[in-house]
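Colleague: After the structure tokens below, expect a handful of questions from me.
The values are calculated or read from the model by the stated rules, or taken from the named source; none is laboratory data. Bear in mind the structure is a predicted one, so any value in this text is a computation, not a measurement. FYI the Cβ positions are ideal-geometry reconstructions off the backbone, even for glycines, and counts take in every protein chain you see.
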Amino acid sequence: MPARGLLWLIPFAALALFVAGRMGLETLWATVDTPAGPVTLPNGLAGVDHPFHAVRAETLRRSLAEGEVLRWVGHHQGGYPVEFYPLGAAWLAVAVWAAALGTWPIEIAYAVSVWLVFLLPGVVWVLAAQRDRLSIGTAFLALAVHVAVPGAWWHGGYTELVQWGLVTNVAASVWVLAALLGIASYARDGGPAAAAIAMAAAAGGILTNPRSAVALVAVGIGVVGSRWLSGYRDGPDPTGSRERRFLIPLGRIAVVALGSALLAAPELIALARFSGLYTFVRYERYGSVGEWWASTISAVSPPVAAAAAVGLVATWVGPDRPVTRAASLTLPLYGGLTLLAAANPDSGLLVQLEATRLMPFQRLLTIWLAAYGVVVAVSWLWRLPSRRAARTSDVRRGLSPIGAGGPSPRYGVTAGSTVANVSALLLGAAVVAWWVRPGLDGTPLPGPAEAPDRGLYPVARSGVREQVGFERAVRAADAVAAPGTALLAVGSGLSWHQQLWAPLWTARPLLYDDWLWYWHLDHAGPPGYDALGGHHYPDPELALDSSYLRHHAVGAAVVTGRAAEAVASAPGLEPVGESGAFVGAEVREPSTIVASGGLNATGIAYANGRIAATLVADGDITVRHNWHPRWRATLDGSPTAIDRAENGTMRVNFGRSGSRLELVYGVDGPDRLARFMSAVGIVGIAVWGGIWVVRRRRP
């Protein structure tokens with residue numbers, strides 16, 4: 001990398017460290033005072049969805065430590081298959097944990113992974129600037145806008161990712177952005193390296209959030225369209241006809257689609273088989289085109305939206321920049337798909353889609369085009385006097401940030417690009433300073449749909465007294481609960497979903513009064529629960545009723561908030577103490593996860609994807625755990641049938657006293673085929689890349 005390129009590491013590193021400081025990552029540990037003395041604990045991100053995702057990462061890590069790849073998450077409200085909520089973002093947190101050599105607990109590793117997700121668009125934009133022969137300042141300006149403008153909770157910025165913790169949605173949008181870079185490069189010039197990037201990134205998007213397929217469709221059409229239009233805009237290809245500018249990119253995109261589908265086959269095949277079991281509950285929707293347009297503007301701010309309009313036009317006036325041109329067509333196409341999803345929320349392939357969740361990728365495209373538009377405008381204004389003096393008519397050159405379409409320095413060292421780089425650096429710093437300037441309103445709280453008027457604001461952290469109290473309460477409840485039972489966590493003392501931290505401190509299955517996400521509508525909740533109304537109990541104290549506790553095999557409860565007062569009067573509970581604001585209670589005469597003939601089983605062993613128990617009575621067997629077609633059951637080693645109960649749990653055929661029941665979340669033929677296809681994709685890309693490397697090294 002030239003010296004000028006290396007110098008750019010300084011502002012990028014400074015911006016990354018500034019963001020880390022604003023996120024609070026300079027204090028990865030916190031010490032809090034408690035009545036029992038000071039306690040030091042991890043100081044991770046704790047707002048809204050963060051506990052859910054951090055715990056998923058820890059569940060994956062534990063599964064890998066046991067020599068297995070996680071396929072069934074059993075501790076969450078009866079369990080769910082991972083393909084319904086893929087683990088792409090969790091893998092990154094585990095990778096950070098491994099890079100730290102296991103010295104960080106998952107709360108810290110996860111927080112660092114969120115910081116990386118927030119900054120990774122900058123890496124893609126740097127590569128896009130190099131590919132399109134733009135000043136690298138374009139990428140810096142784009143990253144500065146991205147980190148500074150917070151957006152609302154579904155816009156893909158700081159608010160959605162760092163405050164709310166919707167990490168899978170944002171991480172998937174970054175994968176798709178990388179796919180756009182790879183697909184646009186491969187469609188124009190070919191090459192195994194670009195193809196491999198495109199395939200891996202597209203598969204990464206699907207394995208992080210399957211709804212990325214909507215964005216990938218827009219990217220594919222946008223790339224083909226940009227190559228076809230470029231043939232007419234810039235003249236026929238010297239090596240072929242204008243038709244070749246369409247057919248060759250189309251064929252290359254088909255190759256990328258095939259390769260990425262092979263890599264993501266385990267996810268795609270599982271969804272094709274079992275998507276009918278999944279029901280998506282929508283919380284937000286666009287009521288009109290006007291609402292979508294207002295959200296589009298507030299996601300980036302009006303000045304950025306205006307600059308993006310300039311960039312969208314300028315990319316078709318200046319020389320061919322394949323990534324930027326592809327982005328300029330993908331943006332309106334993607335907006336059209338979003339409006340289609342909003343207008344038809346209950347039909348066809350869009351039934352499992354919330355249109356508002358598509359905004360993060362749209363925001364990334366808009367920011368890139370805005371940065372390009374600013375750099376173009378600065379370069380044009382800088383060259384305006386000389387162009388007038390020379391009376392040149394070369395409009396294209398005047399609109400180019402670093403010169404015309406001919407050869408140019410990779411990092412731009414001409415006068416025009418130097419001005420563009422300096423301007424982008426100063427403007428980026430000004431944008432960040434404006435959004436974090438003193439005198440702004442206080443820290444915004446999660447909830448309002450409006451975008452905050454400040455960026456990089458403080459967010460909820462886990463290194464607080466409430467977390468100490470909750471951990472102690474969970475450990476105490478785990479100690480008193482009967483073997484083979486679950487724990488119930490009701491209420492949150494920290495942000496919205498503190499309950500979801502509980503699996504860090506117990507190996508038991510968990511039930512919650514507010515569990516963030518679910519996959520079927522048959523969960524047996526207390527009176528007032530409406531599955532389509534949201535994944536929570538409107539009256540959480542009703543979950544302390546004896547009938548609910550027996551039905552879900554709850555052995556102990558940890559309660560805070562308004563429901564805590566009901567513990568003392570609940571006939572099925574025996575209070576066992578308090579820990580801060582949390583009340584612990586043991587369930588009197590609990591039922592167990594497995595029962596036969598109405599009696600609790602013994603010797604119950606429970607893990608993700610495995611349940612075993614010894615029956616103590618003849619009769620039908622009740623398994624208080626979510627059913628799925630992959631579950632297989634044996635009685636004393638002989639296969640037996642499993643049925644789905646009305647509440648979504650499992651019912652096994654008649655068993656006799658003394659029999660040993662074992663249930664395993666199995667791997668069947670289609671699963672093995674999907675794994676084989678994924679292996680073929682990995683090996684194929686590796687061989688193709690190896691051949692390319694060997695050919696390049698030949699003299």
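Colleague: Within the bounds of region 665-682, is there any residue that is surrounded by 15 or more Cβ atoms within 10 Å (Cβ to Cβ) and assigned to a strand (DSSP E or B)?
Modeller: Yes, region 665-682 contains a residue that is surrounded by 15 or more Cβ atoms within 10 Å (Cβ to Cβ) and assigned to a strand (DSSP E or B).
Colleague: Would you mind stating whether Ser569 is outside the structural domain of Val73 (by TED's automatic domain parsing), part of a loop (DSSP other than H, G, I, E, B) and more than 32 Å from the chain's Cα centre (by Cα)?
Modeller: Values: outside the structural domain of Val73 (by TED's automatic domain parsing): yes; part of a loop (DSSP other than H, G, I, E, B): yes; more than 32 Å from the chain's Cα centre (by Cα): yes.
Taking the combined requirement at face value, the residue satisfies it.
Colleague: Which of the following residues is of a type in the set (Asp, Glu), closer than 26 Å to Glu589 by Cα and under 30 Å from the mean Cα position of the chain (by Cα): Asp513, Asp530, Asp545?
Modeller: Working: Asp530 fails: closer than 26 Å to Glu589 by Cα; Asp545 fails: under 30 Å from the mean Cα position of the chain (by Cα).
Asp513 is the lone residue from the list that is of a type in the set (Asp, Glu), closer than 26 Å to Glu589 by Cα and under 30 Å from the mean Cα position of the chain (by Cα).
Matching residues to (1) within 29 Å of Glu26 (Cα to Cα); (2) within 20 Å of the chain's Cα centre (by Cα):
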| site | (1), (2) |
| --- | --- |
| Glu66 | no, no |
| Ile106 | yes, yes |
| Val114 | yes, yes |
| Val124 | yes, yes |
| Asp132 | no, no |
| Ala144 | yes, no |
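Colleague: Just to be sure I understand, how many residues within region 148-177 are closer than 21 Å to Gly428 by Cβ and among the aliphatic types (A, V, I, L, M)?
Modeller: Count: 7.
Colleague: Hey, can you tell me all the residues within region 270-305 that are assigned to a helix (DSSP H, G or I), surrounded by 14 or more Cβ atoms within 10 Å (Cβ to Cβ), touching a residue at least 40 places away in the same chain (Cβ under 8 Å) and not polar (S, T, N, Q)?
Modeller: Ala270, Leu271, Arg273, Phe274, Leu277, Trp292, Ala299, Val300, Val304, Ala305
Colleague: Then there is this: Among the residues of region 606-615, are any farther than 26 Å from Glu68 by Cβ and not in a strand (DSSP E or B)?
Modeller: yes
Colleague: I've got another one for you. Please determine whether any residue of region 582-601 is touching a Lys or Arg at 6+ places or on another chain (Cβ under 6 Å), at pLDDT 95 or above and part of a strand (DSSP E or B).
Modeller: Here is the first cut: in region 582-601, the ones touching a Lys or Arg at 6+ places or on another chain (Cβ under 6 Å) are 591, 593.
Now narrow it down to the ones that are at pLDDT 95 or above: 591, 593.
Now drop any that are not part of a strand (DSSP E or B), which leaves none.
The answer is no, given that none of the residues of region 582-601 is touching a Lys or Arg at 6+ places or on another chain (Cβ under 6 Å), at pLDDT 95 or above and part of a strand (DSSP E or B).
Colleague: Given the conditions (1) under 27 Å from Ala605 (Cβ atoms); (2) more than 21 Å from the chain's Cα centre (by Cα); (3) part of a helix (DSSP H, G or I), report the number of the one that Pro503 does not fulfil.
Modeller: (2)
Colleague: Sticking with this structure for a sec: Among the candidates Val459, Val431, Val422, single out the residue that is at pLDDT 50 or above, crowded, with 20+ Cβ neighbours inside 10 Å and either out of contact with any helix residue (DSSP H, G or I) (no Cβ under 8 Å at 6 or more places or on another chain) or outside any loop (DSSP other than H, G, I, E, B) (or both).
Modeller: Exactly one residue qualifies, and that residue is Val431.
Colleague: Are any of the residues in region 318-334 modelled with pLDDT under 85, surrounded by 14 or more Cβ atoms within 10 Å (Cβ to Cβ) and within 27 Å of Val126 (Cβ to Cβ)?
Modeller: Yes.
Colleague: Based on this model, can you work out whether Arg363 counts as at pLDDT below 95, in a helix (DSSP H, G or I) and crowded, with 22+ Cβ neighbours inside 10 Å?
Modeller: It is false that Arg363 is at pLDDT below 95, in a helix (DSSP H, G or I) and crowded, with 22+ Cβ neighbours inside 10 Å.
Colleague: So, one more: If Leu6 satisfies all but one of (1) modelled with pLDDT of 95 or more; (2) not in a loop (DSSP other than H, G, I, E, B), what's the number of the condition it fails?
Modeller: (1)
Colleague: When you go through Val48, Val19 one by one, which is the residue that is under 30 Å from Gly137 (Cβ atoms) and either part of a helix (DSSP H, G or I) or at pLDDT below 95 (or both)? Before the answer, list the steps.
Modeller: Values: Val48 fails: under 30 Å from Gly137 (Cβ atoms).
Selected residue: Val19, the only one of Val48, Val19 that is under 30 Å from Gly137 (Cβ atoms) and either part of a helix (DSSP H, G or I) or at pLDDT below 95 (or both).
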